[in-house]
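Asks: Pasting a structure below so you can have a look.
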């Protein structure tokens with residue numbers, strides 16, 4: 001019996017395996033940019049001088065949605081001069097931000113660090129805010145996209 005059929009069979013199996021591996025890498029990519037249906041060019045005039053209240057977080061992996069029971073405790077106010085103020089439950093602070101098209105950079109500034117209680121979401125809120133990289137407005141809600149994870153923070157106007 002010739003070795004060619006066995007060798008051909010092995011080559012075909014290796015090619016199929018390589019194709020499966022290369023395609024599986026494509027499906028696991030998490031988008032860190034907003035979905036095109038959410039995108040409208042955002043300018044300062046769209047977000048400044050409004051109190052944005054954190055109402056929910058939408059997580060991609062695992063897929064879940066967390067509603068904030070008291071959005072008024074977690075607020076974000078952008079000012080026209082490139083600064084923002086933030087309230088994270090019993091803590092408050094400020095910093096600076098820049099927007100270029102739909103990319104946003106939120107730089108932290110001074111922040112109080114009081115213990116707000118066991119049920120507070122202040123640590124999670126501040127951690128999320130440190131990872132924001134894209135901004136969108138969808139259905140009159142401010143949507144902040146988090147770097148690399150694909151998760152989104154959703155804010156309502158207070």
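Asks: Being exposed (fewer than 12 other Cβ atoms within 10 Å of the Cβ) and at positive phi: is that true of residue 41 here? Outline the logic, then answer.
Replies: On the way: exposed (fewer than 12 other Cβ atoms within 10 Å of the Cβ): yes; at positive phi: no.
Answer is no for this residue.
Asks: Next question. If you take the residues in the range 95-119 that are out of contact with any strand residue (DSSP E or B) (no Cβ under 8 Å at 6 or more places or on another chain) and in a loop (DSSP other than H, G, I, E, B), which one is nearest to residue 78 (Cα to Cα)? Talk me through it step by step, then tell me what you get.
Replies: At the first step, the residues of the range 95-119 found to be out of contact with any strand residue (DSSP E or B) (no Cβ under 8 Å at 6 or more places or on another chain) are 100-101, 115, 117-119.
When the remaining residues are screened for being in a loop (DSSP other than H, G, I, E, B), the result is 101, 115, 117-119.
Numbers: 101: 16, 115: 25, 117: 27, 118: 28, 119: 27 Å.
It comes out as 101.
Asks: I'm trying to understand the selection: among the residues of the range 134-158, which are touching a strand residue (DSSP E or B) at 6+ places or on another chain (Cβ under 6 Å) and surrounded by fewer than 19 Cβ atoms within 10 Å (Cβ to Cβ)?
Replies: Those that are touching a strand residue (DSSP E or B) at 6+ places or on another chain (Cβ under 6 Å) and surrounded by fewer than 19 Cβ atoms within 10 Å (Cβ to Cβ): 141, 147, 156, 158.
Asks: While we're on this one: Just give me the residues in the range 54-94 being under 20 Å from residue 150 (Cβ atoms) and part of a strand (DSSP E or B), in sequence order.
Replies: To start, the set of residues in the range 54-94 that are under 20 Å from residue 150 (Cβ atoms) comprises 54-68.
Passing the criteria: 54, 55, 56, 57, 58, 59, 64, 65, 66, 67.
Asks: Okay, moving on. For the range 89-119, which positions are surrounded by 18 or more Cβ atoms within 10 Å (Cβ to Cβ), touching a residue at least 40 places away in the same chain (Cβ under 8 Å) and more than 15 Å from the chain's Cα centre (by Cα)? Outline the logic, then answer.
Replies: Quick first cut of the range 89-119, residues surrounded by 18 or more Cβ atoms within 10 Å (Cβ to Cβ) only: 89, 91, 97, 99, 102, 104, 106.
Now narrow it down to the ones that are touching a residue at least 40 places away in the same chain (Cβ under 8 Å): 99, 102, 104.
The one that is surrounded by 18 or more Cβ atoms within 10 Å (Cβ to Cβ), touching a residue at least 40 places away in the same chain (Cβ under 8 Å) and more than 15 Å from the chain's Cα centre (by Cα): 99.
Throughout, read-outs are computed from the coordinates displayed, never taken from laboratory work. Since this is a predicted model, take the numbers as computed values, not measurements. Glycine also receives a Cβ, built like all others from the backbone with ideal geometry; neighbour counts cover every protein chain displayed.
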